[in-house]
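Bear in mind these aren't lab numbers, they're just calculated from the coordinates by the rules spelled out. Everything numeric in this text was worked out from a predicted model, so none of it was measured. Glycine gets a Cβ as well: all are built from the backbone with ideal geometry, and neighbour counts include every protein chain shown.
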Amino acid sequence: MGSINVHLAVLMAARRIGVAELAEQVGITPANLSILKNDKARAIRFSTLAAICQALGCQPGDILSFDKEGNAHE
Amino acid sequence: MDRPHFWTTRRSTQLTLVACWIALGGALVCAVGLIPFLSWLRGTPPWSNLPDIGLAQMIIRTALPLYGQLAGGVMALILLLRLLLDIRREAIFTASNVTRLRAISWCGLAIMVFALIGVFTSPLRPVFALLALIAGFLGLVMRVVKNVIDNARELREDADYTI
């Protein structure tokens, strides 16, 4: 089964925004944002995804991609 | 307005902790008093009428399986105490608690094995048969509880890692 990859770190670097600042804009803790950024998250709420897209000015497809060969988180 | 319940989760956990400590104390008393009790029992009807088995034989055939069961019981109680202390710290659905529950179920099965040995070696066959049945059943129940907590642990991890 494939896996979903999170490209948040790349987008954050491109927008030159740090974890603390983005976490505050999105309304989640820096710890949770780090979990997402480091690809450790198992699920993301639509509200969180919408807030990230709003903060970074991007689409969900810019943040998430599907890898056919990848291993899903257990 | 609803009255607050006296039996909160914390008080219930505390009560269970106290019960476990009492049970541990009881196990210690049993360990110390087992042989004197068996000696007294051997001289009391109907056990005093047992043919072909001397006092020493009866003690060996009965006390050894019982001590094996006591060891299993004490191990299970210690694991239960550690589990309850974790519950008190609100660390409930964790991998270590799943391991403890698995170990407790194995203790139950070990107690059943010792009881089955007692069925074949001791004159107190009905007692050992009943102990084997109870211990085996409780071991099985703990196995199922372990599976439930393991599933709950996975659900909790999913929730914790849902951003």
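Table for the structure above
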read-out: Given charges at Cβ of Lys, Arg, Asp, Glu: segment B:47-163 dipole, positive-most of B:VAL74, B:ILE92, B:THR62; value: B:THR62
read-out: Convex hull volume per residue for segment A:26-70, taking Cα atoms only, in Å³; value: 79 Å³
read-out: Assigned charges on the beta-carbon of Lys, Arg, Asp, Glu; chain A dipole about Cα centre (debye); value: 100 debye
read-out: Rounded to whole Hz, the Karplus (6.51, -1.76, 1.60) HN-Hα couplings of segment A:5-15, x for glycine and proline; value: 9, 10, 9, 5, 4, 5, 5, 5, 5, 5, 8
read-out: Estimated FRET transfer efficiency (B:ASP160, B:ILE22; beta-carbon r; R0 30 Å; 0.05); value: 0.25
read-out: Rounded to the nearest 20 debye, dipole of the protein assembly as shown from Cβ charges on Lys, Arg, Asp, Glu; value: 680 debye
read-out: Theoretical FRET efficiency, 1/(1+(r/R0)^6), r = Cβ-Cβ of A:GLU24 and B:THR13, R0 22 Å, to 0.05; value: 0.05
read-out: Of B:THR121, B:TRP40, A:ILE52, farthest towards positive along the dipole that unit charges on Lys, Arg, Asp, Glu beta carbons give the protein assembly as shown; value: B:TRP40
read-out: Sequence-separation-based contact order of chain B, relative, with Cα cut under 8 Å and 6+ spacing, percent; value: 23 percent
read-out: Shielding by partners, peptide A:44-54 (average Cβ within 10 angstrom, other chains); value: 1
read-out: Principal axis dimensions, largest first and in whole angstrom, of the protein assembly as shown by Cα; value: 91, 53, 29
read-out: Lysines with Cα under 27 Å of B:LYS146, excluding same-chain neighbours fewer than 8 positions away; value: A:LYS40
read-out: Shielding by partners, peptide B:152-161 (average Cβ within 10 angstrom, other chains); value: 2
read-out: Spacing of the two label points (7 Å from each Cα toward its C-beta) at A:SER3 and B:LEU130, in nm; value: 5.6 nm
read-out: Three semi-axes of the equivalent ellipsoid, segment B:9-160, Cα gyration tensor, whole Å, largest first; value: 37, 16, 10
